[in-house]
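The values are calculated or read from the model by the stated rules, or taken from the named source; none is laboratory data. In this text, all values refer to a predicted model and were calculated from it rather than measured experimentally. Here the Cβ is made from the backbone with ideal geometry for all residues, glycine too, and neighbour counts use every protein chain on show.
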Amino acid sequence: MRSIAARNKIIVALDVSTKEAALDLVRQLAGQISFFKIGLQLYAAEGPEMVRAVLGTGAKVLLDLKLHDIPNTVARAVESAAELGVQMLTVHLSGGGAMIRVAGSARSGDLLLLGVTLLTSANEQTLREIGIPDKIDKHILRLAKLGVAAGIGGLVASPREAKMLRAEFGKEIKIVTPGVRPSWAGAVDQKRVMTPREALEAGADYLVIGRPIIAHRSPPEAVARILDELKD
């Protein structure tokens with residue numbers, strides 16, 4: 001695997017609270033990374049102007065809002081995200097088929113809707129707490145099948161489920177994996193994790209990586225180290 005291919009598969013999570021900190025990271029990584037995730041923390045602090053600012057640098061944006069509401073509300077949110085010009089947007093598959101279908105009908109351009117299966121911080125105890133008796137794999141596969149049948153274009157799942165999903169759907173869908181931690185990174189609150197190489201070998205198309213990069217003393221050095229690990 002050449003580093004240029006690996007570089008295009010990495011989405012850096014801008015899990016910071018200010019526009020200045022986010023744009024500083026984008027500028028630092030401009031020569032290495034072209035895709036960034038804007039999640040709830042940053043979007044709540046800075047709003048759609050943050051998205052416009054990152055897109056204005058020429059980078060791509062995954063807007064990770066994990067939409068989960070009545071179908072009409074989700075549809076209007078999808079329309080707004082499409083108008084911003086983001087490349088990817090997340091919705092919770094647990095919102096059901098009607099919500100997913102309406103979200104898909106509201107998208108425009110090349111916007112890729114990603115269906116979130118189960119958060120990487122969750123485990124089987126989490127499922128028990130919300131009344132779901134299934135094993136994690138069974139629960140995720142059921143939601144994934146629901147999403148694909150309803151027209152979702154991609155799935156968000158931990159790298160530990162990527163191989164199962166790739167075997168089930170082949171190249172039909174894109175798989176985006178959070179819960180990716182280089183072997184040299186410390187412990188986190190995510191429970192179902194893999195290294196970047198393991199995640200790609202399991203079938204992931206994109207790797208979402210946050211703290212190992214943005215909390216590093218030198219984010220460009222962290223990215224370079226990850227890319228080195230992915231070289232043949």
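Structure summary
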{"quantity": "Meets criteria (in contact (Cβ under 8 Å) with a residue 12 or more places away in the chain, in contact with a helix residue (DSSP H, G or I) (Cβ under 7 Å, 6 or more places away or on another chain) and of a type in the set (Val, Ile, Thr)) for Val156", "calculated": "no"}
{"quantity": "Filter result (surrounded by fewer than 20 Cβ atoms within 10 Å (Cβ to Cβ) and either of a type in the set (Gly, Ala, Ser) or assigned to a loop (DSSP other than H, G, I, E, B) (or both)) within the range 211-227", "calculated": "Ala215, His216, Arg217, Ser218, Ala224"}
{"quantity": "Criterion violated by Lys37 - all others in (1) buried (at least 20 other Cβ atoms within 10 Å of the Cβ); (2) over 17 Å from Gly210 (Cβ atoms); (3) basic (Lys, Arg) satisfied", "calculated": "(2)"}
{"quantity": "Residue within the range 38-52 that is modelled with pLDDT of 95 or more, under 25 Å from Ala224 (Cβ atoms) and either among the hydrophobic types (A, V, I, L, M, F, W, C) or touching a Leu at 6+ places or on another chain (Cβ under 7 Å) (or both) present", "calculated": "yes"}
{"quantity": "Qualifying position, being within 19 Å of the chain's Cα centre (by Cα), among the aliphatic types (A, V, I, L, M) and more than 18 Å from Leu67 (Cα to Cα), among Leu200, Leu127", "calculated": "Leu200"}
{"quantity": "Selection within the range 151-180 - among the polar types (S, T, N, Q), modelled with pLDDT of 90 or more and part of a loop (DSSP other than H, G, I, E, B)", "calculated": "none"}
{"quantity": "Matching option when the condition is more than 19 Å from Val180 (Cβ to Cβ), of a type in the set (Gly, Ala, Ser) and either touching a helix residue (DSSP H, G or I) at 6+ places or on another chain (Cβ under 8 Å) or surrounded by 20 or more Cβ atoms within 10 Å (Cβ to Cβ) (or both), among Ala82, Ala6, Ala44, Ala30", "calculated": "Ala82"}
{"quantity": "The range 131-172: number of residues that are among the hydrophobic types (A, V, I, L, M, F, W, C) and touching a Pro at 6+ places or on another chain (Cβ under 8 Å)", "calculated": "1"}
{"quantity": "Of all residues making up the range 206-218, the number that are out of contact with any helix residue (DSSP H, G or I) (no Cβ under 9 Å at 6 or more places or on another chain) and within 21 Å of Ile173 (Cβ to Cβ)", "calculated": "2"}
{"quantity": "Listing of helices (runs of 4 or more DSSP H) fully contained in the range 10-120 that carry 1 or more residues being closer than 20 Å to Ala144 by Cα and either without any contact (Cβ under 8 Å) to a residue 24 or more places away in the chain or among the aliphatic types (A, V, I, L, M) (or both)", "calculated": "71-84, 97-106"}
{"quantity": "Matching residues, the range 40-86, being within 23 Å of Ile213 (Cα to Cα) and within 14 Å of the chain's Cα centre (by Cα)", "calculated": "Leu40, Lys60, Val61, Leu62, Leu63, Asp64, Leu65, Lys66, Val86"}
{"quantity": "Condition met for Glu172 (surrounded by 14 or more Cβ atoms within 10 Å (Cβ to Cβ) and among the acidic types (Asp, Glu))", "calculated": "no"}
